[in-house]
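What follows is one structure encoded as structure tokens, with my remarks underneath.
The values are calculated or read from the model by the stated rules, or taken from the named source; none is laboratory data. As the structure is a computational prediction, the values presented were derived from the model and not from experiment. Backbone-built Cβ (ideal geometry, glycine too); neighbour counts: all protein chains shown.
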Amino acid sequence: MKSYQQLFAELKRRHVFKVAAIYGATAFVVLQLADLLGQGLQLPAEFLSMITVLVLLGFPFALIVAWAFEVTPEGVRRTDPASREELEAIVAEPASRRWPAGLLAFAGVAALVAGAWWVGRRSAAPDAPRAAVGTDSLQLAYGDVADDPRPSIAVLPFADMSREGDQEYFSDGMTEELLNTLANIRELRVSGRTSTFAYKDREEDLRTIGRELGVQYLVEGSVRKDGDELRITAQLINANDGSHLWSDAYDRKLEGVFAIQTEIATSIADQLRVPLGLDDPSDLVQPTGDFEAYDLYLSARARMRERGRSMNEAVRLYRAAIAADSAWAPAWAGLAEALEIRLWYGDAFGGQLPDSATVAAELDDAETAARHALELDPASSSAHVALGNVLRDRFEWEPAERAYRQALALDPDNAEAYQQYGELLTVSGRIAKGVRAADRAAALDPAPVRFNVLGTGLWCDDRYDEAERAYLRGIRLDPDESLPSIRWNYFYLLYWEQRYEEALERVLPLLDDTVDVARVRTEARQLFGWLRQGTLSAIPDTAREALLAADWVHLGYPDSAAAQLISPGPGGLAIARLYQLCDPMFDGVRQLPSVQEYLSERGLDGVIHRTPVDQRETPVALRESGSEAGS
């Protein structure tokens, strides 16, 4: 009798095959039940991981026990050694009696492995962003949205169907609130607000919109508000072929608005066959009992979308909402966000950027609002982002990073969190990781502002061609020119590359109506001629004050470039001046003692980490954008 036959016979005699089959099948069921229990009770991912580890460790232990012991009428005792005749009898059995035991054992092992793999795959995706706070790594749920198996959906701006046509802010607010409600369903990937609002009042084929947003499904609808009477319609559309999958209408009093949001979200989840992940569907929304506060909050959101001087009205409306309901966290989070954002807009301060004292006071107020929002709702991802922005603007890098990471742990698809975190990584010198975060933001929410940040990150990563593509993609998505900063950044990119005529044609439309465009064109071309000569002596003293930092580098005067880059400036956020220093053109300037001291005072070591050339890949957000560089 061969040794492997003897081993097979011994395993069968000691019931090891039977134990393997039963254990594997039982373990598979246990792991599936643990998965369902974890989802139903909102248990942490560690629960599922612990169960999986225990089940896997128990398998070899069960086989060892089966080999060593047997159950007899007298109880459990050690298994007696087998006689040679007993083993030969087992080997001599026909194949129809010998093989089933081995096959059942193999099936049991396969069931155990399959159960562990399934649970591991289920638990890994939601928790991937929960990387250790404060580390340099940035882990994403899905590195490429194309790898994301979840159904993807976008909510298009709801139409205002009110009698007077004066409830647009409310219909827009309902759109945003429904989007936020759907975003609370972890098994859905929801396109960001910024990108979907770009399609407001635009007649586009729904299939085209779905393709441009990179989603499978679209939600559109209408809102009719008359006093406290409310009628909301909504429909779910397959973006691949434009077919309607579901629609409904809701007639309620205004106080039922939160219930409507929950019902629409629940109906969509049912249609797409995804679990809510909550015991109570009403937990998808965070209501306020004061509908005046809600109305003011929606009005504030509308003003924020306009940016510029409208930020002042947004701040006023948020404060009014808080006065009506001081215990409602979203209003506090919105106020914190608005206070920080308006510091970037001189229009909000009478056309001039705020001075340092105003900046400090505004950031203090924003921090107070953000922390109060978190006291009321520690799970508010938007409040964590707002807090991160304040801390970043003060150069408090590590606390800001913790705030962004906490926001992403709570909402792994938060495009705003990825964008702001990407900006922090870029200005602090971790440019490669900043590009990755900005790319994730643009892929989740393909909006002009996201491509603006992605373009700047790519520029700093010494990837000018891709930066140009990102800027042009954002400009194409912004036909009403609501984001002038992306056009200015593209102008600077062209100018830095000494593509002067292209830069000139890009900047002229951005000038104020009071500017003499013909004169600017003539003087600019004269300056370009001097710059092409490549010597400072060719440029008259009266024209030198118009030189930019890039010009001084091209002319061979890094000290003059440094003086311009680190000068206090006329006001505004000091962090804005760090972006230019990330440009590869200024790598030599960064090494100057004055610049090193400037960076050190802001908590930076001056080291730049760019993506190695052999590791560069086309950003996910640009892979479907075509060849904008030639447009």
Inset, instruction - Could you please find all residues in the stretch 525-557 being surrounded by 12 or more Cβ atoms within 10 Å (Cβ to Cβ) and in contact with a His (Cβ under 9 Å, 6 or more places away or on another chain)? - result: LEU531
Inset, instruction - Give the stretch 515-542 a look and list any residue that's under 27 Å from ASP587 (Cβ atoms) and in a helix (DSSP H, G or I), or say none. - result: LEU527, PHE528, TRP530, LEU531, ARG532, GLN533, LEU536, SER537, ALA538
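Each row is one residue, and each column tells you yes or no for (1) surrounded by fewer than 22 Cβ atoms within 10 Å (Cβ to Cβ); (2) free of Cβ contacts under 8 Å to residues at least 12 places away in the same chain; (3) on the phi < 0 side of the Ramachandran plot.
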| residue | (1), (2), (3) |
| --- | --- |
| PHE158 | no, no, yes |
| GLU168 | yes, no, yes |
| LYS200 | yes, no, yes |
| GLU204 | yes, yes, yes |
| THR208 | yes, yes, yes |
| ASP226 | yes, no, yes |
Legend entry - Test: residue in the stretch 501-524 that is crowded, with 21+ Cβ neighbours inside 10 Å, at pLDDT 90 or above and out of contact with any strand residue (DSSP E or B) (no Cβ under 8 Å at 6 or more places or on another chain): no
Legend entry - Candidates ALA338, ALA314, ALA366, filtered to the one that is at pLDDT 95 or above and surrounded by 24 or more Cβ atoms within 10 Å (Cβ to Cβ): ALA366
Inset, instruction - Considering only the stretch 453-484, state which residues are of a type outside the set (A, V, I, L, M), in a loop (DSSP other than H, G, I, E, B) and over 14 Å from ASP439 (Cβ atoms). - result: ASP462, ASP478, PRO479, ASP480, GLU481, SER482
Legend entry - Among (1) farther than 23 Å from LEU622 by Cβ; (2) in contact with a Pro (Cβ under 8 Å, 6 or more places away or on another chain); (3) modelled with pLDDT under 50 - the single one ARG130 does not satisfy: (2)
Legend entry - Set SER567, SER560: member being surrounded by 18 or more Cβ atoms within 10 Å (Cβ to Cβ), without any contact (Cβ under 8 Å) to a residue 24 or more places away in the chain and within 19 Å of TYR492 (Cβ to Cβ): SER560
Legend entry - Cβ-Cβ under 9 Å pairs, at least 6 apart or on other chains, the stretch 602-619 side assigned by TED's automatic domain parsing to the domain that holds GLY588 and assigned to a helix (DSSP H, G or I), far side of a type in the set (Gly, Ala, Ser) and crowded, with 16+ Cβ neighbours inside 10 Å: GLN615/ALA432
